[in-house]
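Beneath this line is the structure, given in structure tokens, with notes to follow.
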Amino acid sequence: MYNYCMLPFAGPDIEQAIRHTFTLTLLHNAYPMVLFLGIVVSISYALYKPSRGSILLFIGLTLLLLHFEYQKHIVSPLLLQTQVTLATETPRYKFIWLTEKFITKIIPFLLLAGGGSSTLVAALILRRNRQKTIL
């Protein structure tokens, strides 16, 4: 029986661990990778053929990527840092609650709504422009 080892210097267990690490990294980062690819394509298209639609598509995809990264990596350290910074001798619970809601709910909603609406409007503009060129 022949062993099909892709890495001749490593054993099958190391090769399997590397393959699993690579696969899980791709699965974990699939959404931002697709968004980044869309950003690169949209900025290339905007440089090739500048229009409102291509710029809006770039802005929308960038906001969606920022929303994803904000939710995944930024919100908890930012919330903790803000709460430590705003701590006083007499705690203002309403103000703390308000800043927590702003950081955890309002900013992500604005990023998602802005990115989604920009992408949708860009798709409608690009579709309308394409239909004009066909007719």
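The values are calculated or read from the model by the stated rules, or taken from the named source; none is laboratory data. Since the structure is predicted, the reported quantities are computational estimates derived from the model, not experimental observations. All Cβ positions, even for glycine, are placed from backbone atoms using ideal geometry, and neighbour counts span all protein chains on display.
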The number of residues in segment 58-90 that are loosely packed, with under 15 Cβ neighbours inside 10 Å and polar (S, T, N, Q) is 6
Kindly list, by first and then second residue, each pair from a residue in segment 119-135 that is on the phi > 0 side of the Ramachandran plot to a residue that is among the β-branched types (Val, Ile, Thr) and surrounded by fewer than 11 Cβ atoms within 10 Å (Cβ to Cβ), limited to pairs with Cβ atoms under 9 Å and residues at least 6 apart or on different chains.
none
Going through Leu47, Leu86, Leu61, Leu57 one at a time, which residue ends up being of a type in the set (A, V, I, L, M, F, W, C) and touching a residue at least 60 places away in the same chain (Cβ under 8 Å)?
Leu57
Would you mind stating whether Leu66 is assigned to a helix (DSSP H, G or I) and closer than 17 Å to Val40 by Cα?
yes
Quick one: in segment 61-97, which of the residues that are farther than 30 Å from Thr119 by Cα and of a type in the set (A, V, I, L, M) is modelled with the highest pLDDT?
Leu80
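Is it true that some residue in segment 70-80 is of a type in the set (Val, Ile, Thr), touching a residue at least 24 places away in the same chain (Cβ under 8 Å), touching a helix residue (DSSP H, G or I) at 6+ places or on another chain (Cβ under 7 Å) and in a helix (DSSP H, G or I)?
So in segment 70-80, the residues of a type in the set (Val, Ile, Thr) come out as 74-75.
Pick out the ones that are also touching a residue at least 24 places away in the same chain (Cβ under 8 Å) and you get 75.
Cutting the leftovers down to touching a helix residue (DSSP H, G or I) at 6+ places or on another chain (Cβ under 7 Å) gives us 75.
Then keep just the ones that are in a helix (DSSP H, G or I); that gives 75.
For segment 70-80, residues of a type in the set (Val, Ile, Thr), touching a residue at least 24 places away in the same chain (Cβ under 8 Å), touching a helix residue (DSSP H, G or I) at 6+ places or on another chain (Cβ under 7 Å) and in a helix (DSSP H, G or I): present.
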Could you please give the count of residues in segment 91-115 that are out of contact with any Gly (no Cβ under 7 Å at 6 or more places or on another chain) and touching a residue at least 12 places away in the same chain (Cβ under 8 Å)?
10
